[in-house]
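This report refers to the structure that appears directly beneath it.
The values are calculated or read from the model by the stated rules, or taken from the named source; none is laboratory data. A quick note: this is a predicted structure, and the numbers were derived from the prediction, not measured. Here the Cβ positions follow ideal geometry from the backbone for every residue, glycine too, while neighbour counts run over all protein chains shown.
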Amino acid sequence: MAGMSAQPPGRQRRRRADAEQNVTAILDAAARTLSAQPEASVDDIARAAGLSRQTVYAHFPSREALLDAVVERATAEVAAAFEAAALDAVPPAEALIRLLDAGWAVTARYPFLWHLPAVSPGQDADRHGPVIERLREVIRRGQESGDFDRRLSPDWLLAAGLAVGRAAEDEVKAGRMTIEDATSAVHHSFLRLFGLQEPTPG
């Protein structure tokens, strides 16, 4: 009978829970392993997760799919960090600094992101979606309040800001800058681009 072959609900729930635990373990291992060795293979990640290569491929059919999943996780963490930073509750200039700091705090946990291969413009926009939308809103508020330079269009400021970020990534990939130096350079460049001064220490 058809009904006799169906798995009991309890077993189905256990299988789903096991699958979710495996995915979490794989993504955790991928983040750790890729941060230490950006060219790590699926085999390396499977060993770090304590799972078989076949189990990893059952959830992620290719290394690229696994990388995309880790990037999606990092992107979700960035979005959550922006929410926690309460960007809308502070003046635009402070919101910009909070946005940058929140983004750096997340990327510090995923240093391999600086070494990812180039992707299409559409994929790049997807990866930076939360940053783009939040930055666009901060720019709008800052220009309306007079905190940011009004002589440049919001679209230009947004495009120029993203270009600065991509230039920093290229410098890190080429070995001409450390991640720390690139982070500092982008932070400083953003403030200058928006017509702001560096905060005075203390």
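In table form, for the structure just shown:
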{"item": "Inter-residue pairs, beta-carbon under 8 Å, first closer than 19 Å to residue 62 by Cβ and touching a residue at least 12 places away in the same chain (Cβ under 8 Å) and in the range 23-39, second part of a helix (DSSP H, G or I) and of a type in the set (Lys, Arg), 6+ apart", "result": "27/73; 31/73"}
{"item": "Test result for residue 75, in contact (Cβ under 8 Å) with a residue 24 or more places away in the chain, part of a helix (DSSP H, G or I), within 20 Å of residue 124 (Cα to Cα) and of a type in the set (S, T, N, Q)", "result": "yes"}
{"item": "Residues satisfying the stated conditions in the range 103-123, i.e. in contact (Cβ under 8 Å) with a residue 12 or more places away in the chain and over 22 Å from residue 36 (Cα atoms)", "result": "none"}
{"item": "Among the residues listed as 34, 51, the single one being within 20 Å of the chain's Cα centre (by Cα) and not assigned by TED's automatic domain parsing to the domain that holds residue 101", "result": "34"}
{"item": "Lone qualifier among 157, 135, 152 - being under 26 Å from residue 94 (Cβ atoms) and not in a helix (DSSP H, G or I)", "result": "152"}
{"item": "Residue that is within 22 Å of residue 37 (Cα to Cα), in contact (Cβ under 8 Å) with a residue 60 or more places away in the chain, of a type in the set (Gly, Ala, Ser) and buried (at least 17 other Cβ atoms within 10 Å of the Cβ), where the choices are 168, 182", "result": "182"}
{"item": "Selected residue [among the hydroxyl-bearing types (Ser, Thr, Tyr), farther than 17 Å from residue 109 by Cβ, in a helix (DSSP H, G or I) and at pLDDT 90 or above] from 33, 55", "result": "55"}
{"item": "Residue check, residue 100 in contact (Cβ under 8 Å) with a residue 60 or more places away in the chain and either more than 20 Å from residue 31 (Cα to Cα) or surrounded by fewer than 19 Cβ atoms within 10 Å (Cβ to Cβ) (or both)", "result": "yes"}
{"item": "Test: residue in the range 117-133 that is in contact with a Leu (Cβ under 8 Å, 6 or more places away or on another chain) and modelled with pLDDT of 80 or more", "result": "yes"}
{"item": "Residue satisfying all of: in the range 143-165; under 17 Å from the mean Cα position of the chain (by Cα) and small (Gly, Ala, Ser); surrounded by the fewest Cβ atoms within 10 Å (Cβ to Cβ) among these", "result": "163"}
{"item": "Residue count, the range 22-74 (criterion: surrounded by 19 or more Cβ atoms within 10 Å (Cβ to Cβ) and touching an Asp or Glu at 6+ places or on another chain (Cβ under 8 Å))", "result": "2"}
